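In what follows, a single structure is set out as structure tokens and then discussed.
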Amino acid sequence: MEYINLIFPLNIGQLTYKCPEHLREKLKLGVIINAPLKNRIIKGVFSEFAKETTLEDIKTIYDIFTPEPVLSPNMLNLLKWSSDYYFAEQGIILKHILPKEFFNPVKTNKKEPYKNNRISLKVEDLLSIKQDNLQLVLDMIEKKTFRTFLLHAPSLIYEYSFLLNLIRPLKNIIILAPDVNTIEFIYPLLKSIFGERLAAYHGKMSKGCRSNIIKKIISGEHDIIIGTRSVVFSPMKTVSLLVVLQEHSQLYKQESHPYYNARDVAVKRGFFENATVLLSSISPSTESIYNCKKGKYTLINQTKDTKHIKIKLTNLSTELLIKPNLSKSILESAKIHMKKGDNIFFILNRKGYSTTLQCIECNNIIICPTCKIPLVYYKNEKILRCNYCGHVVSKIPEVCPICKGFKLKFTGGGTQRLQEDIETLLNIKTIRIDKECLKKKREIERFKSIMFSEDIRFIIGTKLIINELP
Ligand SMILES: [Zn+2]
Ligand SMILES: [Zn+2]
């Protein structure tokens, strides 16, 4: 009797079944099979032949649903690797490759027009790219050799121009973008070049639309896909090039189970598919630069002739701190720029006034009872709050719950504290932009109108400043 393993799009690993005599001839790796599971017939992917088993009562598969394989052997390898590497059941990874809409197709009657009201990239915007840089990558693609390139681009437009010049003559491409905005920015131009061969795929699309796209990717009608992180698992039969735009972006890391990083999966997929991988960025990640230095990736550095922004790193643990987060040298350079009439941003990744309330006798830190992380002090509201679950302590403790000591001290500064310190030390007016004050759309508009006006040259806030404001 032949035993086979199936992976179902469920939170379980692969399961072993018997394959009856009459189906054995038709069995190919990667086909979809109907099999009984918990009194139902459900669809799974045939992933490998199983070894002889001593298990009893093994069930028999029902039939073969798709005569031709849906997943290539390379995809099955990627699935198994991702499952091992990211500690996720194979079924969970399968759900990323073939979403629910594939197993239970959702019908769409009308073709969804691709809504796009944003400004998009135009042919006139594109820069000319030196052929020898492109040739380096094209040669590898032609040889069908796995190689990862890191393009350090001098500007975003250069990054997109490189991509468009590179992919024009190619087939079977997966392009990863960090967010939907980026996709919408370059999609119209890609569409004008590739027409029906191109598909965009991301979470903001309807299920019916995604269901159609998956079908067309498997049939080969769409051979150029642009999408957010999950398209790295797109079930394309062969891939010649994987592109990761703005490869430094944190958005490639999925913050829920399975915790994969799409950039790293792209490199691994390139390895399994013997494909070329192009990571590009105007500010490449440390990991990728390191991989170039180690010889794992090939660096294409195009920033040599461009002006660089001056970056100075200050180690706050060795500098003289005047207030939390404010060292002497930081304040001095702020003063210099203030005299010149420059605008200044202070970005700090901590909200609130003090980030910890600590007992100076036993070092105990007051933490959230649920999340076990330090509670943050908000001065205006006079409360302690957990920035993770929102738990609020409205009466600030005066006694340490561990040693019963009375010496509790606020330490570590958040944006509220930073604003207060800067205003007193430099005697200026500032505005603060963080989640606390950006809850209303109107508030954002108000900020935009007073930003960098005559008397406000300082903006203090969390990384929201970069995301929310122009
Ligand atoms: Zn204590
Ligand atoms: Zn909490």
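What pairs in Lys268/Lys435; Lys38/Lys95; Lys191/Lys237; Lys80/Lys191; Lys171/Lys296 have C-alpha atoms more than 30 Å from each other?
Details: Lys268/Lys435 37 Å; Lys38/Lys95 19 Å; Lys191/Lys237 22 Å; Lys80/Lys191 34 Å; Lys171/Lys296 25 Å.
Over 30 Å apart, Cα to Cα: Lys268/Lys435; Lys80/Lys191.
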Note the angle between two axes, namely the Cα long axis of helix 131-142 and the longest principal axis of the Cα atoms of the chain, as a number of degrees from 0 to 90, rounded to the nearest 10.
40
Could you give the size of the charge dipole of the stretch 2-103 about its Cα centre, using +1 on the Cβ of each K and R and -1 on the Cβ of each D and E, expressed in debye and rounded to the nearest 20?
260
Here the FRET efficiency for Ser206 versus Lys463, based on Cβ atoms and R0 = 35 Å and rounded to 0.05, is 0.65
Have a look at the DSSP beta bridges in the chain and tell me what percent are antiparallel, nearest 5.
45
Solvent-accessible area per residue, Å², over the chain with all protein chains present [probe radius 1.4 Å]:
55
Taking a crude spin-label model, label points 7 Å out from Cα along the C-beta direction, the Ile402 to Lys107 distance in nm is 6.4
With +1 on each Lys and Arg Cβ and -1 on each Asp and Glu Cβ, and nothing else charged, work out how big the dipole of the stretch 330-470 is about its Cα centre, in Debye to the nearest 20.
320
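For the stretch 236-327, state which chymotrypsin sites (Phe, Trp or Tyr not before Pro) are in a DSSP loop and have at most 11 other beta carbons lying within 10 Å of their beta carbon.
Within the stretch 236-327, the qualifying chymotrypsin sites (Phe, Trp or Tyr not before Pro) (loop, at most 11 other Cβ atoms within 10 Å) are Tyr259.
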Extent along principal axes [Cα atoms of the stretch 190-294; Å; largest to smallest]
42, 29, 27
Which length gain, in nm to one decimal place, applies between Asn34 and Lys171 when the Cα-Cα distance is subtracted from 0.36 nm times their residue separation?
46.0 nm
Pairing the Cα long axis of helix 207-219 with the longest principal axis of the chain, what angle in degrees results, from 0 to 90 and rounded to the nearest 10?
50
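Quick check on the stretch 321-468: what are the equivalent-ellipsoid semi-axes from the Cα gyration tensor, as sqrt(5λ), descending, whole Å? Let's see the in-between values first.
Values: eigenvalues 192, 72, 24 Å².
Ellipsoid half-lengths, sorted descending, are 31, 19, 11 Å.
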Rounded to the nearest 500, the 222 nm mean residue ellipticity computed for the chain from DSSP H runs (n ≥ 4, each -39500 (n - 2.57)) alone is -8500 deg cm²/dmol
Could you work out the relative contact order of the stretch 214-371, using alpha carbon pairs under 8 angstrom and six or more residues apart, expressed as a whole percent?
14
Approximate spin-label separation Leu426-Lys59, in nm, with each point projected 7 Å along Cα-to-Cβ:
6.7
What the Cα atoms of the stretch 123-301 span along the principal axes, largest first and in whole Å, is 44, 39, 30
Formal net charge of residues neighbouring Val106 (Cβ-Cβ distance under 10 Å; K, R +1; D, E -1)
+3
Using the Cα centre of the chain as origin and beta-carbon charges of +1 (Lys, Arg) and -1 (Asp, Glu), tell me which of Ser161, Pro99, Ile344 is placed farthest towards the positive end of the dipole.
Ile344
Percent accessible area from carbon and sulfur atoms, the stretch 2-103, protein chains only, probe 1.4 Å
52
Starting from the stretch 173-260, pick out the GluC sites (Glu not before Pro) whose DSSP state is loop and whose Cβ has at most 11 other Cβ atoms within 10 Å.
Glu255
Isotropic mean projected area of the C-alpha convex hull, the chain (nm²):
30.8
The chain: angle of helix 328-339 to the longest principal axis, Cα-based, in degrees nearest 10:
80
Stretch gain in nm, segment Asn11-Lys395, where the contour uses 0.36 nm per residue and the Cα spacing is subtracted:
133.9 nm
Reachable aspartates and glutamates from Lys404, criterion Cα separation under 12 angstrom, eight or more residues apart if same chain:
Glu361
Relative contact order in percent for the chain (Cα pairs under 8 Å, 6+ apart) equals 12
With the crude spin-label approximation of a point 7 Å out along Cα→Cβ, what separation in nm comes out for Ser128 versus Tyr290?
4.0
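The values are calculated or read from the model by the stated rules, or taken from the named source; none is laboratory data. The structure presented is a predicted model; accordingly, all values stated were derived computationally and were not measured. Cβ coordinates were reconstructed from backbone atoms using ideal geometry, including for glycine residues, and neighbour counts include every protein chain displayed. The area values use the complete protein model at the heavy-atom level, side chains included, leaving out ligands, DNA and RNA. Shrake-Rupley method; radii C 1.70, N 1.55, O 1.52, S 1.80 Å.
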